Amino acid sequence: MADARLRRVSPFRRALIRPELGAICGTIAVFLFFLILAPASGMFSLEGVMNWGTVSAQFMIIAVGACLLMIAGEFDLSVGSMIGFSGIVIALLSTSFGFPMWLAILAAFAVSLAIGALNGFLILRTGLPSFIVTLAALFILRGLTTYIPILTNGSTIIGGLKAASAGDWLAPVFGGKILQGLFVWLAEHGAIGTFKAGPKAGQPIVDGIPMLMVWALGLAIVAHVVLTRTVFGSWIFAAGGDANAARNVGVPVGRVKICMFMLTAFCATVLAACQVLEFGSAAADRGLLKEFEAIIAAVIGGTLLTGGYGTVAGAALGAIIFGVVQQGLFFAGVESSLFRVFLGLILLVAVVLNTYIRRIITGER
């Protein structure tokens, strides 16, 4: 009998079992839907693209971490709370305690990475499901995010970050913009829209690409390369596919999973730093429900809930679908509460498609 691993697979079947197939089809369908529903709304103008592109970038940053962790066979439900907690840490250290902004940002990353490592360590040492441990972390971090600013500042909202970040060398890495000169040049030559009145008259409406989008694209590219072109990426797949078999062939499963929990914490802190520097404030309710949105984006992108299967490209497309649908409903004049309905339908279709793909791969009926 011929080895099943040597069996020829047709190009069509090979394309059919690609993890990101559903996300590609979903992205095309969503764009076509809003092209038909809101063709003249400005959604696909430069300003509109930057609008939903920024929202998609927020989802993409946390979806990248969630995707790799899910491929490794685990979940992190503390991501949303980590966003709020990291933002409060940055704000308190820089405004209430007088830390330089760069040091406050680095301290927030250090704390979040330590918490991510602790989550992974507890899961490995206790044998508890990651769902339980990170759910506990969700409540602990959310409680601290509310209690600490009230204790120190008397409010759950901390402002003054614009002044605290002025002249700081690290702040523009998270809150700045790139290619501003290019956009000014395009505005001068009439290629993009400008303000017609007021103090900004003549200046481009879109004056650069925010670092939030740069971080999203950069994280997606780096994660994709690591996952598909490195030994560590193979370890991630092995840890989520069959942890015992992976250990037997020398894969450091525990180290891999701890690193993935640290990655989700890192991604959450990147988003937190971008938000507080963009808005000039931190709030205890930031990041609410983001943990589920990160997981949903990864699932829409083809990542299996059972682990061992998925792609970063699919998760990135899932984040784009998220952003386009959320902002597209606004441009189309549809009641915003229907966003959850659209999201539920997209998630249901994605899970059904992913289940079908898994059955094709495993030969189940």
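The values are calculated or read from the model by the stated rules, or taken from the named source; none is laboratory data. The structure presented is a predicted model; accordingly, all values stated were derived computationally and were not measured. Positions of Cβ are generated from backbone atoms using ideal geometry, with glycine treated the same way; all protein chains shown enter the neighbour counts. Only protein heavy atoms, including side chains, enter the accessible area calculation; ligands, DNA and RNA are left aside. Shrake-Rupley method; radii C 1.70, N 1.55, O 1.52, S 1.80 Å.
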Notebook entry, point to check: Once you mark the GluC sites (Glu not before Pro) that are in a DSSP loop and have at most 16 other Cβ atoms within 10 Å, what is the longest gap between them in the chain?
Noted result: 1-334
Notebook entry, point to check: Considering every pair of different Cα atoms, what Kirkwood radius, in Å, is found for the chain?
Noted result: 21.8 Å
Next item on the list: Show me 117-125, 27-35 ranked by packing, highest mean number of other Cβ atoms within 10 Å first.
Entry: 117-125, 27-35
Next item on the list: Report ³J(HN,Hα) in whole Hz for each residue of segment 126-139, in order, from the Karplus equation J = 6.51 cos²θ - 1.76 cosθ + 1.60 where θ = phi - 60°; Gly and Pro get x.
Entry: 8, x, 6, x, 4, 4, 6, 5, 6, 5, 4, 5, 4, 6
Checklist line | Table column - 3J(HN,Hα) (Hz), segment 289-299, Karplus curve with 6.51, -1.76, 1.60, x for Gly and Pro | finding: 6, 5, 4, 6, 5, 5, 5, 4, 4, 5, 5
Item checked: Sequence-distant residues sharing a close amide H with Thr194 (under 5 Å, placed H) -> Ile205
Note to self: Per DSSP helix of 4 or more residues, -39500 (n - 2.57); summed, then divided by the residues of the chain. What does that give at 222 nm, rounded to the nearest 500?
What the structure shows: -22500 deg cm²/dmol
Item checked: Residue among Ala316, Ala245, Ala265 with the largest mean-square fluctuation in a Gaussian network model of the chain, springs linking Cα atoms under 10 Å -> Ala245
Next item on the list: Please build a GNM for the chain, connecting alpha carbons under 10 Å apart, and tell me which residue among Ala273, Ala57, Ala197 fluctuates the most.
Entry: Ala197
Margin query: What does the extension gain come out to for Leu21 and Phe330, with contour length at 0.36 nm per residue minus their alpha carbon separation?
Written below: 108.5 nm
Next item on the list: Rounded, prolate or oblate: pick one for segment 265-334, where a ≥ b ≥ c are the square roots of the eigenvalues of its C-alpha gyration tensor, a/c under 1.5 means rounded, and failing that, prolate if a/b is larger than b/c, else oblate.
Entry: oblate
Next item on the list: Return the carbon/sulfur percentage of the accessible area of the chain, one whole number, probe 1.4 Å, all protein chains in place.
Entry: 69 percent
Next item on the list: Could you please report the charge total around Met262, scoring K, R as +1 and D, E as -1 over all other residues with beta-carbon less than 11 angstrom from its beta-carbon?
Entry: +1
Check: Given the options Thr145, Thr264, Thr126, which has the most mean-square fluctuation in a GNM of the chain, springs set between C-alpha atoms less than 10 angstrom apart?
Finding: Thr126
Next item on the list: Please give the contour-minus-distance gain from Ser96 to Asn248: 0.36 nm per residue of separation, less the Cα-Cα distance, rounded to one decimal in nm.
Entry: 49.6 nm
Check: With the Cα gyration tensor of segment 49-94 giving a ≥ b ≥ c as the square roots of its eigenvalues, does the rule (a/c under 1.5 for rounded; else a/b larger than b/c for prolate; else oblate) give rounded, prolate or oblate?
Finding: oblate
